[in-house]
Amino acid sequence: MIVLPALFFSPFAWAQEKTSNEYYQDLLRNYRSYQNLLEPFTTQKSRYLAYQTVATQADFLDSSRALILSEIEAISSYSLFIKSLLAEATKILNYKENYLYVQLDDELTYLKLAKERAQNLSSLGETNQLMSELAKHYEKISQIAYQTKSVVVLGSLNKVYDNLKVEREKLSFYLSELTSDTSNIKAAREKFTMLEKQNSEVDEILREAASKQKVDEKGNAKAVSEEIQNLVNEGVNKIRVIISGYQNIVYNLK
């Protein structure tokens, strides 16, 4: 049984074949269809186990086939949604995470073949085997989803911080060029120096998050994703303090 993890992605809206929001709507629609087939599947399974007749076995096989086909559609939509998020973020963040694209393409290829197998299921043995395979592939795709989330949130933080460093250099140059030595200027320079500690802490956060991102593929991607998200949240808070401090410096030097 598939359960959609709460990844809390923020869909972007840059042009491609479909936006991530459109893929997400496809995912919700297919997931609802899958959920609607769970009860009929459970009913047919109970009838088969109770009566063990040819008729109940045939009904159970038909119900299983319908559920598996719907499950494949839902998982495929999930994979395309993840891929669209990665594609959209790549255009903005300029990073290269090709290994995730390759893994997602491999999974989509498998799902296409699995759909053909599902359409031709002729025994409960084949059905159980395919269901077991799908569960393993869904788990792998979920791991990729959490890895993708980590890539996006960390890449976004790096992008923001890179822009902030440009402003930092401008402000540093401006302060160094001031020739007068008023109390305001002295206070501004001191505040700028104090904010360097925050910058150093953001640097350390980014290094730690990048290190966690290199976790072995067999690791717990969900747990690592949560750790990276916590680090990113901490980094965002520190960046807000830095921006507020720079704004205060500029305002008081006008």
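The values are calculated or read from the model by the stated rules, or taken from the named source; none is laboratory data. Predicted model only: the values in this text are computed from it and were never measured. Here Cβ is always computed from backbone atoms with ideal geometry, including for glycine, and neighbour counts include all displayed protein chains.
Considering only residues in the stretch 107-124 that are surrounded by 14 or more Cβ atoms within 10 Å (Cβ to Cβ), without any contact (Cβ under 8 Å) to a residue 40 or more places away in the chain and not charged (D, E, K, R), the one that is nearest to residue 58 (Cα to Cα) turns out to be 111. Being buried (at least 17 other Cβ atoms within 10 Å of the Cβ), over 18 Å from residue 123 (Cα atoms) and of a type in the set (Ser, Thr, Tyr) narrows it down to one residue among 56, 90; which is it? Going through 56, 90 in turn, just one is buried (at least 17 other Cβ atoms within 10 Å of the Cβ), over 18 Å from residue 123 (Cα atoms) and of a type in the set (Ser, Thr, Tyr): 90.
Being of a type in the set (Asp, Glu) and in the same structural domain as residue 193 (by TED's automatic domain parsing) is the filter here; which residues of the stretch 132-181 pass it? Result: 162, 167, 169, 177, 181.
Which of the residues spanning the stretch 50-95 are hydroxyl-bearing (Ser, Thr, Tyr), within 22 Å of residue 147 (Cα to Cα) and part of a helix (DSSP H, G or I)? 76, 77, 78, 79, 84, 90 - these are the residues of the stretch 50-95 that are hydroxyl-bearing (Ser, Thr, Tyr), within 22 Å of residue 147 (Cα to Cα) and part of a helix (DSSP H, G or I). Pairs linking a residue in the stretch 26-51 that is in contact (Cβ under 8 Å) with a residue 40 or more places away in the chain to a residue that is buried (at least 17 other Cβ atoms within 10 Å of the Cβ) and of a type in the set (Gly, Ala, Ser), with Cβ atoms under 6 Å and 6 or more positions apart or on different chains, are 26/77; 27/77; 30/74; 30/77; 31/74; 33/70; 34/70; 34/74.
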